[in-house]
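Everything on this sheet refers to the single structure shown next.
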Amino acid sequence: MRRIAVVVLATFALAAPARAQLMDVLTAPKTLIDRAIEARSASDIAKDNLIVAKVNGYMGKNTTIQASTEIYEQRLLVTGLFDDKATYDQFQKDVRSIEGVRKLYWQVTYLAKDDARRKALPSWADTVEMGVKAQARLIGTKGVADVNFRTTVDSYGNLYVIGRARSQEEANKAIARLKEGEGIKKVVNYIDVRP
């Protein structure tokens, strides 16, 4: 079993851009278990995986690792900070062309390399840490099915959550826990509420 897990992790590491690789390594064991117990069909999860693979392909085509994705039920959240306008424009065009995306939440921005505002932004490592801690806060929160939520933090300290809550009360509990994180400027809610 351990050998299979190592092979799966190695496969993802070779296929995904560097930013995605780090997140896969940090969250892989829990992610693999979560996907197995998630309240969704295998075909729904497969559709999500296909969309993310296409986004990763476009990152490779544009030779960039400046974007990150989260997806739930073909609702695609893309975050990132680009420093090359032409790459940003082409990547956006490519992502918007992907078939099967029910809803695109485009939270990618362009900011020139020499823009003074970059100095005030949290580092990439800080945003990764905030994102991992955010997802961890949902684990064990009574009344919150953490497997149905995906979180990410952008370069500005905004936390995004996408997924499905079984009730408004569950969504409210999840949002409240996510707001508790140090360095989080605001929580952007893309949670669908339905039993």
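Structure notes:
- Annotation: amide H of residue 152 within the under-5 Å range of 160, sequence separation 5 or more or interchain, hydrogens built in the peptide plane.
- Separation of the residue 61 and residue 194 label points, Cα + 7 Å toward Cβ, nm: 3.0 nm
- Between residue 50 and residue 74, the contour length at 0.36 nm per residue exceeds the alpha carbon distance by 7.7 nm.
- The accessible surface of the range 140-195, taken with every protein chain in place and a 1.4 Å probe, is 46 percent carbon and sulfur.
- Pair residue 186, residue 113: separation of 7 Å Cα→Cβ label points (nm): 3.1 nm
- FRET efficiency for residue 167 and residue 40, using Cβ-Cβ distance with R0 set to 25 Å, rounded to 0.05: 0.90
- Restraint check, 103/185; 54/93; 85/113; 54/103; 47/179; 133/185, Cα-Cα greater than 19 Å: 103/185; 47/179
- Full-extension gain in nm, residue 94 to residue 142, via 0.36 nm per residue minus C-alpha separation: 13.3 nm
- Per residue value of the accessible surface for the range 48-195 (all protein chains in place, 1.4 Å probe), Å²: 49 Å²
- Amide proton proximity set for residue 109, modelled H, under 5 Å, gap of 5+: 80, 81, 82
- Cβ crowding within 10 Å averaged over residues, with 98-107, 59-68 ranked highest first: 59-68, 98-107
The values are calculated or read from the model by the stated rules, or taken from the named source; none is laboratory data. Since we're looking at a predicted model, the values are computed, not measured. Virtual Cβ from ideal backbone geometry, glycine too; neighbours counted across all protein chains shown. The protein model used for the area step is the full one, side chains on, heavy atoms only, and it has no ligands, DNA or RNA in it. Shrake-Rupley method; radii C 1.70, N 1.55, O 1.52, S 1.80 Å.
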